[in-house]
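The values are calculated or read from the model by the stated rules, or taken from the named source; none is laboratory data. In this text, all values refer to a predicted model and were calculated from it rather than measured experimentally. Every residue, glycine among them, receives a Cβ derived from its backbone with ideal geometry; neighbour counts consider all protein chains shown. Each accessible area value is taken on the protein alone, full model and side chains, heavy atoms only, with ligands, DNA and RNA left out. Shrake-Rupley method; radii C 1.70, N 1.55, O 1.52, S 1.80 Å.
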Amino acid sequence: QVQLVESGGGLVQAGGSLRLSCAASGSFFSRYAMAWYRQAPGKQRELVAASTSGGSTNYADSVKGRFTISRDNAKNTVYLQMNSLKSEDTAVYYCNARYIFSNIWGQGTQVTVSS
């Protein structure tokens with residue numbers, strides 16, 4: 001079973017950029033649909049961006065044109081490039097992997113955008 005470890009979070013000024021990484025251990029990473037979610041204080045966890053095993057992507061309307069999800073199956077890693085960050089992007093960001101009956105979460109990484 002895949003295990004996920006996120007990295008790359010931190011504090012950034014509004015308008016800045018960050019790249020999150022999610023490294024997966026285990027087998028058959030390329031078969032997994034991968035996604036990034038986020039959860040801000042007092043709010044529900046929401047989907048930010050997703051990538052199917054075939055490479056198709058979709059984004060939350062709030063991040064379209066600013067965030068890009070990508071995956072490197074050779075490195076068992078999925079990325080989230082975040083540009084033009086806004087204060088409302090502040091949240092804990094979670095990596096998620098899904099395949100048939102598996103639904104796996106990482107521990108999360110904090111992203112804080114100062115205005």
Once ligands and nucleic acids are excluded and a 1.4 Å probe is used, how much of Y37 is accessible, expressed in Å² to the nearest 10?
40 Å²
Heavy-atom accessible area with a 1.4 angstrom probe orders F29, F101, most exposed first, as F101, F29
Rounded to the nearest 10 Å², the 1.4 Å probe accessible area of E6 is 10 Å²
Sort D72, D61, D89 from largest to smallest accessible area, using a 1.4 Å probe on the heavy atoms of the protein chains.
D61, D72, D89
Per residue, what volume in Å³ does the convex hull of the Cα atoms of segment 17-60 enclose?
105 Å³
Total charge dipole magnitude, the chain, about the Cα centre, Cβ charges on Lys, Arg, Asp, Glu only, Debye to nearest 20
120 debye
Ordering K86, K64 by the accessible surface of their heavy atoms, 1.4 Å probe, largest first, yields K64, K86
Contact order relative to length for segment 25-115, counting C-alpha pairs under 8 Å separated by 6 or more residues, stands in percent at 27 percent
Accessible surface of L47 in the full protein assembly, 1.4 angstrom probe, to the nearest 10 Å²?
60 Å²
Please give, to one decimal in nm, the separation of the simple spin-label points placed at S70 and L47, each 7 Å out from Cα toward the Cβ.
2.3 nm
Accessible solvent surface per residue of the chain, calculated while the other protein chains remain in place, 1.4 angstrom probe, Å²
53 Å²
For the chain, fraction of C-alpha pairs farther apart than 22 Å, in %:
26 percent
S114 versus A60, label points 7 Å from Cα toward the beta carbon: distance in nm?
2.3 nm
